[in-house]
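First the structure, which I've put down as structure tokens, then a few questions once you've had a look.
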Amino acid sequence: MTYEPFDHIYQRAVTRFQSESLLQASLANPKTPQQLQDIGDDRWLAAFTQKVFQSGMNWQVVRNKWPNFETTFFGFDIEKMLLIHDEMWEEKAKDPSIIRHLGKVMTIRDNAIMMSEVQAKHGSFANFVANFPSDNIIELWQYLKKHGARLGGNTGAYTLRIMGKDTFLLSKDVEGYLRHHGIMTTGRDTQTALKAAQQAFNHWHKQSGLPYCQISQCIAYSVN
């Protein structure tokens, strides 16, 4: 596979912003492994939950009600989530102070279980994420999809990005670029497509020295 030189991609992104300084100001900066390890696992569960509820809903509505979510679910403390019995989950899903959606509310329990299992092996969920290599980030995406609840598609990956993990995203623009250049040729979530995308980003990472998140953004900014 022959990839477009990243410098060409970068220069198109600069042209769109009209200056390199403006482009640089718009790019995300990933957290260091230590900074990621310092994030409490309750914050990871909260972030996953917020992204799950934002899927298919108005994001601002979710943000407006978010303080009520924090109160209703005890600050997303993992141990407390595991102690809630099924009947109480159903009652919480009927609470008018949050967004009433039983299916999405139950993802809190399921993802708390997933995270507690990770804690048993890695000390904390934050440690697991912090030490996961970005040159194989698709494996982390797939772990979240397989073992978590409603964390497939872009949900898990977007949450990782929001929390500061260095990851590329298969946004509409990025996926369109990869398909236009013949890098992704099968379904978006197939192993073939994901591995092809990872290999391309690994190539551009070695070529540019930039974080994966910034490479992803530059590709999105470089397309019309």
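Would you mind putting 48-61, 18-31 in packing order, based on average other-beta-carbon counts within 10 Å, highest first? Walk me through the numbers on the way to the answer.
Numbers: 48-61: 16.9, 18-31: 12.7.
Per-residue Cβ counts within 10 Å, averaged per peptide and sorted highest first, yield 48-61, 18-31.
A further question on this structure: If you place +1 on the Cβ of every Lys and Arg and -1 on the Cβ of every Asp and Glu, how big does the dipole about the Cα centre of the chain come out, in debye to the nearest 20? Before the final figure, lay out the partial values.
Details: 24 positive and 22 negative charges, 101 e Å.
The calculated dipole for the chain is roughly 480 debye.
Which parts of the range 116-141 would a label at residue 88 reach, counting a residue when its backbone N lies under 19 Å from a point 7 Å out along Cα-to-Cβ?
116-117
Here's another thing I want to ask about it. Placing +1 on the Cβ of each Lys and Arg and -1 on the Cβ of each Asp and Glu in the chain, which of 21, 119, 32 has its Cα farthest towards the positive end of the resulting dipole?
21
Using the Cα atoms as the points, what is the convex hull volume per residue of the range 75-224 in Å³? Provide the component values of the computation, followed by the final result.
Values: hull volume 19.8 nm³, N = 150.
Dividing the Cα hull volume of the range 75-224 by its residue count gives 132 Å³.
Once neighbouring chains are kept in place and the probe is 1.4 Å, which whole percent of the accessible area of the chain is contributed by carbon and sulfur? List each step's numbers first, then the result.
On the way: 5550 of 10970 Å².
Using a 1.4 Å probe with all protein chains present, the chain comes out at 51 percent carbon and sulfur.
Among 186, 69, 143, whose Cα lies farthest out toward the positive end of the dipole of the chain, if unit charges sit on the beta carbon of Lys, Arg (+1) and Asp, Glu (-1)?
186
How big is the accessible area of residue 86 in square angstrom, nearest 10, if you roll a 1.4 angstrom probe over the protein chains?
Around 80 Å² of this residue is reachable by solvent.
Net charge near residue 87: determine it from the other residues with C-beta under 15 Å of the C-beta of residue 87, scoring Lys and Arg +1 and Asp and Glu -1.
Numbers: positive: 92, 94, 109; negative: 86, 90, 91, 95.
Charge balance near residue 87 sits at -1.
Averaging sequence separations of C-alpha pairs under 8 Å and six or more residues apart, then dividing by the length of the chain, give the relative contact order as a whole percent.
Working: 246 pairs, mean separation 63.3, N = 224.
Relative contact order comes out at 28 percent.
In square angstrom, what is the accessible area per residue of the chain with a 1.4 angstrom probe?
Values: 10970 Å² over 224 residues.
Accessible area per residue: 49 Å².
Right, next: Determine the sum of side-chain charges near residue 10: Lys and Arg each +1, Asp and Glu each -1, restricted to other residues whose C-beta is under 14 angstrom from that of residue 10.
Numbers: positive: 12, 16; negative: 4, 7, 20.
Net local charge, residue 10 excluded: -1.
Could you give the distance between the Cα centres of the range 47-65 and the range 197-224, to the whole Å?
Spelled out, the Cα-based centre of one part sits 28 Å from the other.
Rounded to the nearest 10 Å², what accessible area does residue 161 have for a 1.4 Å probe in the complete protein model?
40 Å²
Suppose every K and R has +1 on its Cβ and every D and E has -1 on its Cβ; what is the size of the dipole of the range 34-150 about the Cα centre, in Debye to the nearest 20?
Working: 14 positive and 15 negative charges, 93 e Å.
So the magnitude is around 440 debye.
A further question follows. As I understand it, the dipole of the chain uses +1 on the Cβ of Lys and Arg and -1 on the Cβ of Asp and Glu, about the Cα centre. Which of 55, 10, 202 lies farthest toward its positive end?
Checked the options; the winner is 10.
Relative to the longest principal axis of the chain, what angle (0 to 90°, nearest 10) does the C-alpha long axis of helix 41-54 take?
Roughly 80 degrees, rounded to the nearest 10.
To make sure I understand the rule: partners must be lysines, Cα under 28 Å from the Cα of residue 206, and not fewer than 8 residues away in the same chain. Which ones qualify?
List returned: 31, 145, 165, 172, 195.
The values are calculated or read from the model by the stated rules, or taken from the named source; none is laboratory data. Treat the numbers as computed from the prediction; the structure is a model and nothing was measured. Glycine gets a Cβ as well: all are built from the backbone with ideal geometry, and neighbour counts include every protein chain shown. Note: areas computed on protein heavy atoms with side chains; ligands, DNA, RNA excluded. Shrake-Rupley method; radii C 1.70, N 1.55, O 1.52, S 1.80 Å.
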